[in-house]
Amino acid sequence: MDTELAQRLARLRTALDERQIDVALIGPSADFRYLSGRRAGESERLIALIVPQAGDCTLLVPELEAPAFADFDLGQLYRWRDGDDPVDLLARRLLDLGATTIFLWCFRERELILDLFEHATGGRLHHNYFRPGGVYEDVTEAWLGRVLDFCDVMERRLVEYHELLTDNPIFEVRTQGIGVLSREDAIRFGASGPVARASGVAFDVRKAFPYEQYGAVEFDVPVRTEGDNWARYLVRMEEMRQAVRIIRQCVARMPAGEIRAKVPVTVRLPRGEVYTRIESPRGDEGIYLVSEGEERPYRVKIRGPSFSNLYALTQVMRGAKVADLIAILGSCDIVLADVDR
């Protein structure tokens, strides 16, 4: 943290203490939601809202000193929701290559994930569940049991996926040595997430700048060095296995207690600026916010991972065959809304 920003944060802390407001200030390297789309959590980090431990299961802030648990109650599973679902990505990507069997298999697992969402929130696609300061309501023991059952199923399905794809000669020809992105180019273009890690860039926000309770759970960050479509496939396959590993730990450490903090009707952001980031399914996602002390921020800038990952394709697609372009694009897993400025 630079000296000028540290002085501004110190003045802000003094002003808040004078008003007897119990908050935790966020530094420029602080982080927020793991799950892209959970924007209620971003507001908590930016207004320094303290979340009770039970609600912390879904909307954790690392300022909590209690040795509570980790991000789960629709945490890791919410990362697998429609649109950010690596199972869904695998299905769509393989369908682009003409494989229909794996497409149907993946949607079988996707339905199980949506069943869990529906059980907890009442909705399959639009989950009106998160609130500033916590969640709408607590989950049941029966739901946690279903989550563990899903983990058992998913571990078996991942073995089936590997048996069908990993040693498939047709799939190997369409992915190995295709769409190569070197480590140097990945860094130069600002790529992140599975795209960068498949090129040997061993960076994950959850490890580099642990947020929520990622520092309290054990998981590995898969890294490959080939930098091609094949490596990006293997990285995402391992990420699904690591996600199941994290979910099991979260269920085991789920605390009891309050699920939502009391939030005032009108919230004025403290004067100052903050940059906060997460490891979204597609990479490093950050928000820069400047506040003048009003109800609305003076400036908000969102750094989406898809923008940089797509820009890297200008290097990756040079010399590629037209037939390989759809496979290369699918392996980068961009979202156009994340790219559009």
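The values are calculated or read from the model by the stated rules, or taken from the named source; none is laboratory data. Note that this is a predicted model, so its numbers are computed, not measured. For neighbour counting, all protein chains shown are included, and Cβ atoms are generated from backbone atoms with ideal geometry for every residue, glycine included.
The table below lists the values:
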| read-out | value |
| --- | --- |
| Residue check, R232 closer than 25 Å to A312 by Cα and crowded, with 22+ Cβ neighbours inside 10 Å | yes |
| All helices (runs of 4 or more DSSP H) inside segment 177-292 with 1 or more residues being farther than 30 Å from L148 by Cα | 183-189, 193-197, 229-252 |
| Those residues of segment 136-153 which are surrounded by 14 or more Cβ atoms within 10 Å (Cβ to Cβ) and closer than 15 Å to F117 by Cβ, in sequence order | Y136, V139, W143, L144, R146, V147, F150 |
| Flag for F171 being closer than 20 Å to A198 by Cβ, out of contact with any Lys or Arg (no Cβ under 8 Å at 6 or more places or on another chain) and buried (at least 16 other Cβ atoms within 10 Å of the Cβ) | yes |
| Matching residues in segment 301-317 - criterion: being touching a helix residue (DSSP H, G or I) at 6+ places or on another chain (Cβ under 9 Å) and either farther than 29 Å from I328 by Cα or not in a helix (DSSP H, G or I) (or both) | I302, G304, M317 |
| Filter result for T121 (out of contact with any helix residue (DSSP H, G or I) (no Cβ under 7 Å at 6 or more places or on another chain) and surrounded by 16 or more Cβ atoms within 10 Å (Cβ to Cβ)) | yes |
| Boolean, R110 is among the basic types (K, R), surrounded by 13 or more Cβ atoms within 10 Å (Cβ to Cβ), touching a residue at least 40 places away in the same chain (Cβ under 8 Å) and in a helix (DSSP H, G or I) | no |
| Where C332 falls short, out of the listed (1) of a type outside the set (G, A, S); (2) closer than 30 Å to D138 by Cβ; (3) touching a residue at least 12 places away in the same chain (Cβ under 8 Å) | (2) |
| Options G193, G179, G133, G200: the member that is farther than 18 Å from L89 by Cβ, crowded, with 20+ Cβ neighbours inside 10 Å, small (G, A, S) and touching a Lys or Arg at 6+ places or on another chain (Cβ under 9 Å) | G133 |
| Residues (more than 21 Å from R206 (Cβ to Cβ) and modelled with pLDDT of 90 or more) located in segment 244-288 | G272, E273 |
| So R241, is it under 25 Å from V335 (Cα atoms) and either modelled with pLDDT of 95 or more or crowded, with 19+ Cβ neighbours inside 10 Å (or both) | no |
